[in-house]
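K.L.:
The structure follows.
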Amino acid sequence: MLGYTLRRLASAVPTLFIIVTVAFFLVRFAPGGPFDLEQPLAPQVLDNLRRTYNLDQPLHLQYLDYLAKLVRGDLGPSYTALDFTVGEMLRRGLPYSIALGASALTLALVLGVVAGVFAALRQNSTKDYAVMAVATVGVTVPNFVVGPVLQLVFGLMLGLLPLGGWGGGDLAHRVLPTIALALPQMAVIARLTRSSMIEALRADHIRTLRANGLPGRAIIAHALRGALLPVVSYLGPAAAALVTGSVVIEKIFAIPGVGSYFVEGALNRDYTLVMGTVVMLASFVVLFNLIVDLLYAALDPRVRYD
Amino acid sequence: MPRDNPVHGTMTDPILAIRGLEVRFRTSDGELAAVKGIDLDVDAGETVAIVGESGSGKSQTMMSVMGLLAANGEARGSVKYRGQEILGLPSRALNRYRGRKLSMIFQEPMTSLDPLYRIGDQLAEPLMVHGGLGRKAALKRAEELLDLVRIPDPARRLKSFPHELSGGQRQRVMIAMALANSPDVLIADEPTTALDVTVQARILELLGDLQKRLGMAIVFITHDLGIVRRFADRTYVMKSGEVVEHGPTEGLFAAPKHAYTRMLIEAEPSGRKEPVPTGSPMVLEAKNINVSFHLRQGLFGRSAHEIRAVAGVDLAIRRGETVGVVGESGSGKSTLGRAVLRLLPASGLVRYEDRNLMPLDRKAMRPLRKELQLVFQDPFGSLSPRMTAGEIVTEGLLVHEPGLTRGERDRRAAQAFEEVRLDPLSRHRFPHEFSGGQRQRIAIARAMILKPKLVVLDEPTSALDRSVQKGIVELLRDLQQKHGLAYVFISHDLAVVRALSDEIMVMKAGKVVERGSVAAIFEHPREAYTRELMAAAFLDRREQITSC
């Protein structure tokens, strides 16, 4: 197991290298630059700025320079938020993003599984169809629609919850962004749980339990453990989707997480800020997928890594 | 279990009484009656067999007794356990009987245990629910139960997961679980069909012993008349949802009253193959065939483990000859069949007619492929569901006789269908519209249309009912006679092998244990393993070679 973990971590290095390389050149080939403002800067100022940030060097040298610094953990200075390094900015934004992502993932998982099991146990009934209809809506309606609608209804019309901001992370501020972020994943998990639960309930070993006269709760417990395996393997993609989703949600709810840096960095051509966000998100997705695979092995004795 | 069991036939009430049982399934094609009003009794301590072919309703009868019908199924009539009506009870009420008084084991030992739980926990659960035992006491009892079903080292096995056990061991665990609360009736639904014959014999022996010690009644659901004849006190014969005949087993076999019973008994593969004409030329000769599989392991995928699937096997086959390759799962018989066709990497020598096949690569082998054909076991998985039967049969012609027009191909398909005794008009239908036996005929037609000289038949009858098998066996014999085909016939089913082969090779663990003519192998097996296989197959004595 340890050997497997180390091998997976080692194989993450080339993956990250490719992501960094593609991202680096993609950002650079986007038109415009970090210092293109509405009022153009004087040519001498621009030259000075470019020299300060090494932007006057040939692109491949800048690339090698970035890689060399990255290996040492240096993400470079931000081009737009002067006096701040990218590392400092990410460190500041990350706690908000992690808090939001964790609560959304928990909510999606708990409610998704509960709804899925509820529907599976009442397969093809009105309740089943109702739950699945809601889930379909959850999958299809994008979060940049759900977010503003929640703000409108619960914030403006009913005045129950704050419209935005983080407010020190209290529950009231968390509710709406968490729901908006979790909803699509919740819907996917509910559908996934329902179908795998239905399949699990039909399995031969569940018939064995029935033949041995075990009560309904024992049957549900056995079926659910098997049904959760596909859900666990979906957690990797779900986490990745939450990461990209949070970029939009943080913007809508004015949460000072890293998602907003990503958007602003991209709009302002703040090369290092965009790169820093990409490196961080990619590392997170790679790491989370590894955790999911290890978790899967812990749940299913037939899976052994060695 | 033994026939001299004195318990049955007393005047006491039956322990399980089924009256007028009907089972229906609601399907998209309307209502389907699976069981059409049957009566059946089980007395304390006796062994009752329910015999029938697939679709006869024999499993659904007992499934409805146990309240295990699929959600779209409905049972009507009466099932009484010791005078108490149990049919249609809600599952909570039914759980007073299931696993306590009535228990059941199933055909699929590989999937009937929960793969995610340890054996000990799975055995302990019903003990804790029904017996009110604590976890510790339940695990201790579970260990005793594993010992009872003769699983070696039971304390260690409690901690095993199902995938760490063989099929036979898993079925033993199922039996242990079924016996946990000392039931009065054990229902065994094809309990040994998925197992190798020698394993089957041991499981049946175990059931017989346990019955003697614990005194429960056993209901055997099976299609295997050999098992019925040997073990059942009384037998019910079912066909299309009805009991056509029932009575004491011995009398039923000696003087079957119903035509269907007679047909079932006669459907045991019979007859022998005509001997090979003398001076028949050699078709294929293989010497010292070795096939190894490597299990990759370690950091850099170095090969840490090598399995020799086939180890130094020779095979020689003449025009018009059938070599039967017999063995249990994992013996290497299918691998050998593929190796001589050069379908997987092997070492050794393979001569086909006057050519050495070993140096040929895929491309050089291609023109020879039409003469060297292969027919698989599974008539469901081996036909593409999206092609018509005719397209499936003629697909090989596209490669091997690309000059043919569409019309010529279609004519050849019609001929091939006639040859395997299928209605040529049915070539425009899709595989799912055919029965298992018909599909196997399509698979045979697909090989025959290329006019092969050698056909490797890999368990072609194993997925079929006996009465259907009989037709396939006769078809294969006729085709061989007509075209002088050479067959390599791979099977674990000795009755079928006996009806088709000239020579027999008995394989075990990749090696040939014994080889010889059909008469020599069946009448005077030299090796202990061959004798064990013979004994385990419960062959009908009247079918012995000497009596032909």
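K.L.:
Does A:ARG174 satisfy the condition of being farther than 19 Å from A:VAL248 by Cβ, assigned to a helix (DSSP H, G or I) and away from chain B (no Cβ under 14 Å)?
P.N.:
no
K.L.:
Quickly run through region B:126-138 and pick out the residues that are closer than 23 Å to B:HIS163 by Cβ and at the interface with chain A (Cβ under 9 Å from one of its Cβ atoms).
P.N.:
Residue satisfying the conditions is B:PRO126 alone.
K.L.:
Something else now. Would you mind listing the helices (runs of 4 or more DSSP H) fully within region A:5-122 where at least 2 residues are loosely packed, with under 12 Cβ neighbours inside 10 Å?
P.N.:
Hits in region A:5-122: A:43-52, A:59-71.
K.L.:
While we're here: Sort out which residues of region B:160-201 are under 16 Å from A:LEU209 (Cα atoms) and within 14 Å of the chain's Cα centre (by Cα), and write them in order of number.
P.N.:
The answer is B:ASP189, and nothing else.
K.L.:
Still on this structure, please answer the following. Of B:GLY484, B:GLY471, which residue is in contact (Cβ under 8 Å) with a residue 24 or more places away in the chain, outside the structural domain of B:GLU53 (by TED's automatic domain parsing) and at positive phi? Steps first, answer last, please.
P.N.:
Details: B:GLY471 fails: at positive phi.
Result of the check over B:GLY484, B:GLY471: B:GLY484.
K.L.:
I'm trying to understand the selection: among the residues of region B:112-125, which are free of Cβ contacts under 8 Å to residues at least 60 places away in the same chain and at the interface with another protein chain (Cβ under 7 Å from one of its Cβ atoms)?
P.N.:
Passing the criteria: B:ASP114, B:PRO115, B:LEU116, B:GLU125.
K.L.:
Report, by residue number, each residue of region B:144-157 that is crowded, with 21+ Cβ neighbours inside 10 Å and either part of a helix (DSSP H, G or I) or within 14 Å of chain A (Cβ to nearest Cβ) (or both).
P.N.:
B:LEU145, B:LEU146, B:ARG157
K.L.:
Same structure, new question: Would you mind finding the one in B:LEU284, B:LEU252 that is of a type outside the set (S, T, N, Q), more than 21 Å from the chain's Cα centre (by Cα), assigned by TED's automatic domain parsing to the domain that holds B:GLU190 and at pLDDT 85 or above?
P.N.:
Unique residue meeting the criteria: B:LEU252.
K.L.:
When residues of region B:73-111 are filtered for being part of a strand (DSSP E or B), more than 11 Å from chain A (Cβ to nearest Cβ) and either of a type in the set (A, V, I, L, M) or within 23 Å of A:SER125 (Cβ to Cβ) (or both), how many remain? If you could, list the steps in order and put the result at the bottom.
P.N.:
If we filter region B:73-111 for residues that are part of a strand (DSSP E or B), which is where we start, we get B:73-81, B:84-85, B:98, B:102-105.
Among the residues that remain, those that are also more than 11 Å from chain A (Cβ to nearest Cβ) are: B:73-81, B:84-85.
In the following step, the residues that additionally are either of a type in the set (A, V, I, L, M) or within 23 Å of A:SER125 (Cβ to Cβ) (or both) were identified as B:73-75, B:79.
Here the count works out to 4.
K.L.:
Restricting attention to region B:422-431, does a residue exist that is among the polar types (S, T, N, Q), in a helix (DSSP H, G or I) and crowded, with 19+ Cβ neighbours inside 10 Å?
P.N.:
Checked region B:422-431: no residue is among the polar types (S, T, N, Q), in a helix (DSSP H, G or I) and crowded, with 19+ Cβ neighbours inside 10 Å.
K.L.:
Are any residues in region B:43-56 assigned to a loop (DSSP other than H, G, I, E, B) and surrounded by 24 or more Cβ atoms within 10 Å (Cβ to Cβ), and if so, which ones?
P.N.:
Matches in region B:43-56: B:GLU46, B:GLY52, B:SER56.
K.L.:
I would also like to ask the following. Residues of region B:354-366 being in a loop (DSSP other than H, G, I, E, B) and farther than 16 Å from B:VAL456 by Cβ, which ones?
P.N.:
Passing the criteria: B:ASP354, B:MET358, B:PRO359, B:LEU360, B:ASP361.
K.L.:
Further question: Specify which of the listed residues (A:ALA266, A:ALA238) is more than 14 Å from every other protein chain (Cβ to nearest Cβ), of a type in the set (A, V, I, L, M) and closer than 18 Å to A:THR193 by Cβ. First the steps, then the outcome.
P.N.:
On the way: A:ALA266 fails: closer than 18 Å to A:THR193 by Cβ.
Going through A:ALA266, A:ALA238 in turn, the sole match is A:ALA238.
K.L.:
Scan (1) within 11 Å of chain A (Cβ to nearest Cβ); (2) modelled with pLDDT of 90 or more for the single condition B:ALA70 breaks and write down its number.
P.N.:
(2)
K.L.:
Is it the case that some residue within region B:48-66 is in contact with a helix residue (DSSP H, G or I) (Cβ under 6 Å, 6 or more places away or on another chain) and within 12 Å of chain A (Cβ to nearest Cβ)?
P.N.:
Within region B:48-66, one or more residues are in contact with a helix residue (DSSP H, G or I) (Cβ under 6 Å, 6 or more places away or on another chain) and within 12 Å of chain A (Cβ to nearest Cβ).
K.L.:
Does B:ARG230 satisfy being more than 21 Å from B:GLY327 (Cβ to Cβ) and at pLDDT below 90?
P.N.:
Judged against the criteria, B:ARG230 is a match.
K.L.:
Mind telling me which of the residues A:PHE253, A:PHE284 ends up being surrounded by 20 or more Cβ atoms within 10 Å (Cβ to Cβ) and of a type in the set (Phe, Trp, Tyr)? Walk me through how you get there before you give the answer.
P.N.:
On the way: A:PHE284 fails: surrounded by 20 or more Cβ atoms within 10 Å (Cβ to Cβ).
One residue alone meets the criteria, A:PHE253.
K.L.:
Shifting gears a bit: Of all residues in region B:181-212, which are farther than 19 Å from B:ILE50 by Cα, at pLDDT below 90 and either surrounded by 23 or more Cβ atoms within 10 Å (Cβ to Cβ) or touching a Gly at 6+ places or on another chain (Cβ under 8 Å) (or both)?
P.N.:
Once the filter is applied, which keeps residues that are farther than 19 Å from B:ILE50 by Cα, at pLDDT below 90 and either surrounded by 23 or more Cβ atoms within 10 Å (Cβ to Cβ) or touching a Gly at 6+ places or on another chain (Cβ under 8 Å) (or both), region B:181-212 yields B:ASN181, B:LEU195, B:ASP196, B:VAL199, B:ARG202.
K.L.:
Hey, another quick one. State all residues of region B:473-508 that are assigned to a loop (DSSP other than H, G, I, E, B) and under 20 Å from the mean Cα position of the chain (by Cα); if no residue qualifies, say none.
P.N.:
Of everything in region B:473-508, those that are assigned to a loop (DSSP other than H, G, I, E, B) and under 20 Å from the mean Cα position of the chain (by Cα) turn out to be B:HIS492, B:ASP493, B:SER501.
K.L.:
Out of (1) in contact with a Lys or Arg (Cβ under 9 Å, 6 or more places away or on another chain); (2) assigned to a loop (DSSP other than H, G, I, E, B); (3) surrounded by fewer than 24 Cβ atoms within 10 Å (Cβ to Cβ), the odd one out for B:ALA33 is which?
P.N.:
(2)
K.L.:
Based on this model, can you work out whether B:ASP114 counts as out of contact with any Leu (no Cβ under 6 Å at 6 or more places or on another chain) and either surrounded by fewer than 20 Cβ atoms within 10 Å (Cβ to Cβ) or part of a helix (DSSP H, G or I) (or both)?
P.N.:
No, not satisfied.
K.L.:
Do we find that B:GLN373 is in contact (Cβ under 8 Å) with a residue 60 or more places away in the chain, surrounded by 18 or more Cβ atoms within 10 Å (Cβ to Cβ) and part of a loop (DSSP other than H, G, I, E, B) in this structure?
P.N.:
no
The values are calculated or read from the model by the stated rules, or taken from the named source; none is laboratory data. This structure is a prediction, so every number in the text was calculated from the model and none was measured. Positions of Cβ are backbone-derived with ideal geometry, glycine not excepted, and every protein chain shown enters the neighbour counts.
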